[in-house]
1. Just the residues that are open to solvent by 50 Å² or more (accessible area, probe 1.4 Å) and without any contact (Cβ under 8 Å) to a residue 60 or more places away in the chain, please, taken from the stretch 6-43.
2. Considering every residue within the stretch 44-55, establish whether at least one is more than 16 Å from ligand 1 (Cβ to nearest atom), in contact with a helix residue (DSSP H, G or I) (Cβ under 8 Å, 6 or more places away or on another chain) and either open to solvent by 10 Å² or more (accessible area, probe 1.4 Å) or of a type outside the set (Gly, Ala, Ser) (or both).
3. Filter the stretch 222-249 for residues that are open to solvent by 50 Å² or more (accessible area, probe 1.4 Å) and within 20 Å of Val84 (Cβ to Cβ) and give the result.
4. Among (1) open to solvent by less than 50 Å² (accessible area, probe 1.4 Å); (2) within 16 Å of ligand 3 (Cβ to nearest atom), where does His321 come up short?
5. Looking at (1) assigned to a helix (DSSP H, G or I); (2) under 22 Å from the mean Cα position of the chain (by Cα), which one does Val359 not meet, given that it meets all the others?
6. Have a look at Arg360, Arg330 and point out the one that is crowded, with 18+ Cβ neighbours inside 10 Å, among the charged types (D, E, K, R) and under 24 Å from Phe78 (Cα atoms).
7. Can you confirm whether Asp130 is within 30 Å of Arg268 (Cβ to Cβ) and open to solvent by 60 Å² or more (accessible area, probe 1.4 Å)?
8. Is it true that Glu173 is within 16 Å of ligand 2 (Cβ to nearest atom) and either open to solvent by 10 Å² or more (accessible area, probe 1.4 Å) or modelled with pLDDT under 95 (or both)?
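The values are calculated or read from the model by the stated rules, or taken from the named source; none is laboratory data. Bear in mind that the values here come from a model prediction, so they are computed numbers and not experimental data. As a convention, Cβ positions derive from the backbone with ideal geometry for all residues, glycine included, and neighbour counts pool all protein chains shown. SASA here: full protein model, heavy atoms, side chains in, ligands and nucleic acids out. Shrake-Rupley method; radii C 1.70, N 1.55, O 1.52, S 1.80 Å.
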Amino acid sequence: MQAAGMRCRMDAAGNLIGRWEDEHQPAEAVLIIGSHLDTVPDGGRYDGMLGVLLGVALVEAISRTEAKYPFAIEIVGFSEEEGVRYAAPYIGSKAMAGRFDRELLDRVDDQGITLADALRAFGGSPQSIDSAAVDPARVVAYLEAHLEQGPVLQDEGLPLAAVSAIAGQTRLEVRLAGGGGHAGTTPMNLRRDALTAAAEWILQVEDFARESIGMVATVGVVEVSPNVSNVIPGEVRLRLDLRHADDADRSRAVAELCRMGLELGARRHVSFEPRTLHVQDAALMDTAMTRMLQESVADAGVRPLTLISGAGHDAAVMAGHCPSGMLFVRCRDGVSHHPNESVECADVVLALTAMWHFVRRLALRTGARADVTGR
Ligand code: HGY
Ligand code: MN
Ligand code: MN
C-alpha cells in the first residue's frame with residue numbers, strides 16, 4: 001500500500017486501511033475497495049486477499065495517471081471475515097459498518113483467549129472498537145472483488161461477473177448428550193449413543209437440503225467426547241452452516257431441522273440442544289452499483305453476467321451501510337477454501353480493467369468535473 005502511494009493505518013478492529021487522494025484536493029467523500037485478509041485453515045491464496053491486492057494494484061495504476069477523482073480511495077483489508085477462531089464472521093466489516101456486537105469481545109477461542117485479548121495482541125483496541133465505524137454519508141460506494149468460489153464462470157467460459165445478491169446464512173452449534181458407557185459391556189438396546197444420534201441428524205440435514213431448492217447445508221465440525229474407541233460417545237458438539245437466498249425459507253429450514261433433531265433425540269434418549277452462533281440475512285447489492293459493474297465488465301470486453309453468491313462476503317455487511325457492489329473473478333473448477341484455489345492472470349488483468357472503468361464511471365456519476373480519462 002505504501003509503495004502504491006497510500007497512507008496506511010490500522011483501525012481499532014484490526015482492519016488495515018490504505019488511503020489515496022489527490023494531495024492538492026483532499027476529499028471528504030471516499031470510495032472504499034476491500035476484502036478480507038484472513039482465510040480458513042488449509043485454505044487457498046486468493047479468498048479475500050485477491051480483492052485487497054486488486055484494490056492496491058488499481059490505486060497504483062491510477063496514481064501513475066493524471067486522473068483527478070472527486071473522492072479519495074481507501075483500500076481495506078478486513079481483519080476477520082471467515083469467523084473461524086470465534087465463530088463470529090465479519091468482525092472487521094461489522095466494526096467498519098458500526099454494527100459490531102460488543103458482547104463478542106468476551107467470546108473465547110479454543111485456547112480460552114477472549115476476542116478482546118486477541119484483538120489487543122494484534123494491535124487493535126477493543127475498548128474503542130466503535131471508532132472503526134465510518135460515516136456512511138462520506139462513503140460514495142463500497143466495491144469488493146472476490147474469486148467466485150464456484151464453478152459457474154468456468155462453465156460459462158467467462159472471466160468476470162457482477163454479483164446481485166449474497167445468500168443469507170445461519171451457523172448453529174448443537175450439543176447432543178446421551179450416556180457414555182463401556183463399549184464392551186453395554187448391550188445395543190441399552191445405549192444412549194450421542195454420536196449415532198448425531199450421525200442420523202447429519203444425514204437428515206443432507207436429505208433436507210438436497211430436497212430444498214436453492215439451499216445448501218453443511219455440518220463441518222464434529223467434536224466427540226470422550227473420543228476413545230472403547231467408550232460409547234456420551235456427548236457430541238456439531239456446527240451447522242445453512243445458506244439460502246430467501247431469509248424466510250432459511251429460518252423455516254432451521255426450525256424444521258431443530259424439530260427433527262429434538263424428535264430423534266427423544267426417540268434415542270439423547271438431548272438435542274441447538275445454540276445460534278451467527279445469523280446473516282441475505283444482502284442485495286446496490287442496483288446502480290451492479291449496473292455500473294455490468295457496464296464496466298462490458299467496457300473490459302467481457303459479456304456481462306450477474307450471479308448470486310452462495311458464499312458470504314464483507315459486502316453483505318457493507319451493503320447495509322453504503323451503496324455496495326461485488327465483482328466475481330473466475331477460479332479453476334470452483335475450488336476454494338482449499339490449497340488448490342487458483343485464478344488465471346489474464347482474468348485478474350480483466351478484473352483490474354473492469355474496476356478501473358467502474359471507478360471512472362463512478363467519478364463521472366458523482367457529477368464531478370473529474371478528469372478521469374488520465375491514461
Ligand atoms: O463461508 C463463507 O461463505 C465465506 O468464505 N466467509
Ligand atoms: Mn472464505
Ligand atoms: Mn472470502
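1. Arg7, Cys8, Arg9, Glu23, His24, Gln25, Pro26, Leu37, Pro41
2. Taking every residue of the stretch 44-55 in turn, at least one turns out to be more than 16 Å from ligand 1 (Cβ to nearest atom), in contact with a helix residue (DSSP H, G or I) (Cβ under 8 Å, 6 or more places away or on another chain) and either open to solvent by 10 Å² or more (accessible area, probe 1.4 Å) or of a type outside the set (Gly, Ala, Ser) (or both).
3. Scanning the stretch 222-249 gives Val222, Glu223, Arg237, Arg239.
4. (2)
5. Status for Val359: all satisfied but (2).
6. Arg330
7. So Asp130 does not fit the description; no.
8. Considered against the rule, which asks whether it is within 16 Å of ligand 2 (Cβ to nearest atom) and either open to solvent by 10 Å² or more (accessible area, probe 1.4 Å) or modelled with pLDDT under 95 (or both), Glu173 comes out as no.
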